[in-house]
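Written out below as structure tokens is the structure these notes cover.
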Amino acid sequence: MSLKTCHLYIDNEAYDFEVDGDFFWGESRLLFKEKDNVISKMPWKDKGFDVVNAFTDEEFTLLKTSITNIIVNSIKNIGVDIDEKEFGLERYHKFINTNELHNKVIDITRNLENHDFDVDIDALANRFSNILGYELTSWVEELQKSHIQIRISRPNSLDINPPHRDGYLSYWEDIINVWIPIEGCNEQSSLPVCPGSHLIPENDILRTESKGAKINGNVYYVPCILETNKGAIQMKRPNPKQGEALIFTPYLIHGAAVNKNEDTTRISLELRFPRVKH
């Protein structure tokens, strides 16, 4: 393994962080299937992502309440006593103020299932099925379970994934990614994507293997994409608003969601809905 600097741009602003890993250029092939993929009916298929309306105000409030309860219970489960009346998602970093405690919380919140939520996740899968024109499910066959992640990013931290493609992992090859802003998500903190990057072939990408990248002492399941043959990755934050969702192909380069808010924790929800195979 070798230590390299990941140099990228988010909305034309430069960011750098150190990544420890074994990097290589890929083979001469395109992983994204240009025909019969989950976004192939969409006018934005060449861009690779879009922001869509996803929830009514009532539905969003129910979802946010459910996520708040999950995070509060996770904090209690790791032995931290908190005053629930004082707690708010945006103030998470005031209660969980060390990396050790935070890592214990995210060990819980990154491996959730449908039954952990007080909302109907399958109904959400149907909603995005109607948008895309393909039948989706919340059940991940290879994992033999549903899989949901709550992302928690403290201000001025490296609580981030490296730039990556989910499609490198076999169980995410034929899905739609759904990223939902919950709290503290704005032009300073929402998820960056690299428009059109799902159309970049592997021989133009320098990356690690799965579980091959370490940032700030944390090892990531997803491979880290360090750069393309054009140099530093150019990303943008689509910045969906409350009640909206960012949807994108798993082959789109995304990640590095640095939270630049000075005193607000960013909370988001990540859903991945596989396409139903008939």
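The values are calculated or read from the model by the stated rules, or taken from the named source; none is laboratory data. The model shown is predicted, which means the values in this text are computed figures rather than measured ones. Note that each Cβ is placed from the backbone with ideal geometry, even for glycine, and that neighbours are counted across all protein chains shown.
Overview of values
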item: Residue, farthest from G217 (Cα to Cα), within the stretch 5-24, restricted to residues that are of a type in the set (D, E) and touching a residue at least 60 places away in the same chain (Cβ under 8 Å); result: D11
item: Condition met for A54 (of a type outside the set (D, E) and either exposed (fewer than 14 other Cβ atoms within 10 Å of the Cβ) or more than 20 Å from the chain's Cα centre (by Cα) (or both)); result: no
item: Qualifying residues in the stretch 250-278 (those that are over 17 Å from the mean Cα position of the chain (by Cα) and β-branched (V, I, T)) - the one farthest from I121 (Cα to Cα); result: T264
item: Test: residue in the stretch 46-66 that is in contact with a His (Cβ under 7 Å, 6 or more places away or on another chain), in a loop (DSSP other than H, G, I, E, B), of a type outside the set (S, T, N, Q) and at pLDDT 95 or above; result: yes
item: Neighbours by Cβ (under 6 Å, 6+ apart or cross-chain): first from the stretch 72-86, without any contact (Cβ under 8 Å) to a residue 60 or more places away in the chain; second outside any loop (DSSP other than H, G, I, E, B) and aromatic (F, W, Y); result: I82/F95
item: Residues that are of a type outside the set (S, T, N, Q), buried (at least 18 other Cβ atoms within 10 Å of the Cβ) and closer than 30 Å to K4 by Cα, drawn from the stretch 118-166; result: I150, R151, I152, R154, P155, D159, I160, P162, P163, H164, R165, D166
item: Long-range neighbours under 8 Å by Cβ, at least six apart or interchain, first residue farther than 16 Å from L31 by Cα within the stretch 198-215, second among the β-branched types (V, I, T) and part of a loop (DSSP other than H, G, I, E, B); result: A213/V222; I215/I160
item: Near pairs, Cβ below 9 angstrom, 6+ apart or cross-chain, from the stretch 259-277 (part of a loop (DSSP other than H, G, I, E, B)) to any residue that is among the β-branched types (V, I, T); result: N259/I160; N259/T265; T265/I96; T265/I152; V276/T137
item: Selection count where residues are surrounded by fewer than 14 Cβ atoms within 10 Å (Cβ to Cβ) and either acidic (D, E) or assigned to a strand (DSSP E or B) (or both), scope the stretch 1-23; result: 9
item: Among (1) under 26 Å from N177 (Cβ atoms); (2) in a loop (DSSP other than H, G, I, E, B); (3) not basic (K, R), the one test that V105 misses; result: (2)
item: Neighbours by Cβ (under 6 Å, 6+ apart or cross-chain): first from the stretch 108-120, farther than 16 Å from Y221 by Cβ; second modelled with pLDDT of 95 or more and part of a strand (DSSP E or B); result: E113/K145
item: Residue pairs meeting the criteria (Cβ under 6 Å; at least 6 apart or on separate chains; first under 15 Å from H254 (Cα atoms) and without any contact (Cβ under 8 Å) to a residue 60 or more places away in the chain, in the stretch 149-163; second of a type outside the set (F, W, Y) and outside any loop (DSSP other than H, G, I, E, B)); result: none
item: Complete set of residues in the stretch 224-249 that are crowded, with 24+ Cβ neighbours inside 10 Å, not β-branched (V, I, T) and not in a strand (DSSP E or B); result: C224
